[in-house]
Amino acid sequence: MSDKFSTSLTQHPVLVTGATGYVAGWLIHDLLAMGCTVHACVRNPNDKNKTRYLDEIAAQAPGELHYFKSDLLQEGSYNEAMQGCEVVFHTASPFILEVEDAQRDLLDPAVKGTLNILNSVNNTASVKRVVLTSSVAAIYSDNIDCQDKPHQTLTEAHWNTGSSLSYNPYLFSKVEAEKAAWDVAKKQNRWDMVTINPSLVMGPGVNPFATSDSFALLKQFADGTTKFGMPDAGIGLVDVRDVAKAHIQAAIRSEASGRYIVSGVNAKLMCISDYLQPTYGEDYPLPTSIVPKFLAWLFAPLAGTSRKFIKLNVGYAFTADNSKSIKELGLQYQPLSPAINAMFKQMKDNSLFD
Ligand code: NAP
């Protein structure tokens, strides 16, 4: 490993990949508020529908925002944006649970994209630290995976071994990308890498129309998809603003190292409905009951999921240990109910349930 470096993040520009994304939006918001110069990598800098939310923040903040045209699958397309940067935040990766072609739509951008960026990092002498947005998806595949772990709890020591191109391909893309990134990081000692491994990210978006499937998931609580009930499945949830803070702390704390589970609560899918009931229960068909596992299993294909997924997830808790992030990144997790209510309101106000 390199000598531990320290940075205030304001002396040199910082690079953020996937700047138009949901997680990146709050990260850039915070970086601009700190007075940083942000090199924002986007596929189309001329798409005002995607960039205007960041422009509005930049107009009010002490920091500076500069766009660069980059694509994960175009070799070298991050080189120009990386010049002079000490810190690279790599958030870009498709978060889409249903795709036509998992290799093309998930694996390639996640794995080849990460290798493309780290290749530019290797060729850019100024870079000292990479903060990679991974996921708890790189740690586990299904809730049942918690069962055989010490205290039935996931930690940063665990890796997803159950996903594949044909089963949970998004999760597979995240574990493959993170493994590939550590292979590259460990082959040199000029820069170091820290990974942020969030659970399901919730909360309002800087861009309310971000492509993240966090929005698609919440929509299912409003549009009737889940009105007949919710399977009894565990899930981790975290406020998007806590995820942004984790990235920044991972960059500025010289002692930060390795992987960080960033997850506010070990919850159940049904909790999302419980949080929303007091305000939205009368106007939206929020689920109010638990679907028995055998029914969830029977109707899985109709509900757009697999029977294997139901078998390995329903009836099992999700338990992850977030203590490393609290101790080493100083995170103070926000409660999830206000974040989920604010996100629901934002989607309602922007007609995303129509
Ligand atoms: P998002 O809003 O869909 O953001 C994904 C970003 O990746 C977008 O800015 C998108 O750019 C960019 N991107 C996709 N393909 C690209 C390509 N070929 N070249 C360049 N950029 C490309 O999703 P998100 O939820 O913020 O996810 C951000 C990161 O957090 C991902 O690494 C995801 O795996 C991770 N994560 C998310 C969650 C969650 O619950 N949301 C949980 C754990 C981890 P365009 O705007 O051009 O499409």
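The values are calculated or read from the model by the stated rules, or taken from the named source; none is laboratory data. All of these numbers come straight from a predicted model, not from anything done at the bench. Reconstructed Cβ throughout: ideal geometry from the backbone, glycine too, with neighbour counts over all protein chains shown. Quick note on the areas: whole protein, heavy atoms, side chains included, nothing else; ligands and nucleic acids left out. Shrake-Rupley method; radii C 1.70, N 1.55, O 1.52, S 1.80 Å.
Tabulated data
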quantity: All lysines inside 20 Å of residue 48 as judged from Cα atoms, apart from same-chain residues fewer than 8 positions distant; calculated: 69
quantity: Overall Cα dimensions of the range 198-354 - principal axes, largest extent first, Å; calculated: 50, 36, 26
quantity: Unsatisfied cross-links (Cα-Cα over 29 Å) in the set 128/324; 227/348; 186/311; 245/268; calculated: 186/311
quantity: Difference of contour (0.36 nm per residue) and Cα-Cα distance, residue 345 to residue 100; calculated: 85.1 nm
quantity: Rough spin-label spacing in nm, given labels placed 7 Å along Cα→Cβ, for residue 161 and residue 33; calculated: 4.2
quantity: Expected-Rg normalisation [2.2 N^0.38 Å, Cα atoms] applied to the chain; calculated: 0.96
quantity: P(r) histogram, all alpha-carbon pairs of the range 140-289 included - 5 Å bins from 0, percent; calculated: 2, 8, 14, 17, 20, 17, 11, 6, 3, 2, 1, 0
quantity: For residue 16, solvent-accessible area (1.4 Å; no DNA, RNA or ligand), Å²; calculated: 0
quantity: Distance in nm between pseudo-label sites at residue 119 and residue 279 (7 Å out along the Cβ direction from Cα); calculated: 4.6
quantity: Separation between Cα centres of the range 271-318 and the range 200-256, rounded to whole Å; calculated: 17
quantity: Rounded, prolate or oblate (a/c below 1.5 giving rounded, otherwise prolate when a/b exceeds b/c) for the range 1-127 by Cα gyration tensor; calculated: oblate
quantity: Cα→Cβ-extended label distance, 7 Å offset, between residue 289 and residue 74, nm; calculated: 5.4
quantity: The range 65-217, Cα convex hull volume normalised per residue, Å³; calculated: 132
quantity: For the range 14-348, share of DSSP beta bridges that run antiparallel, in % to the nearest 5; calculated: 15
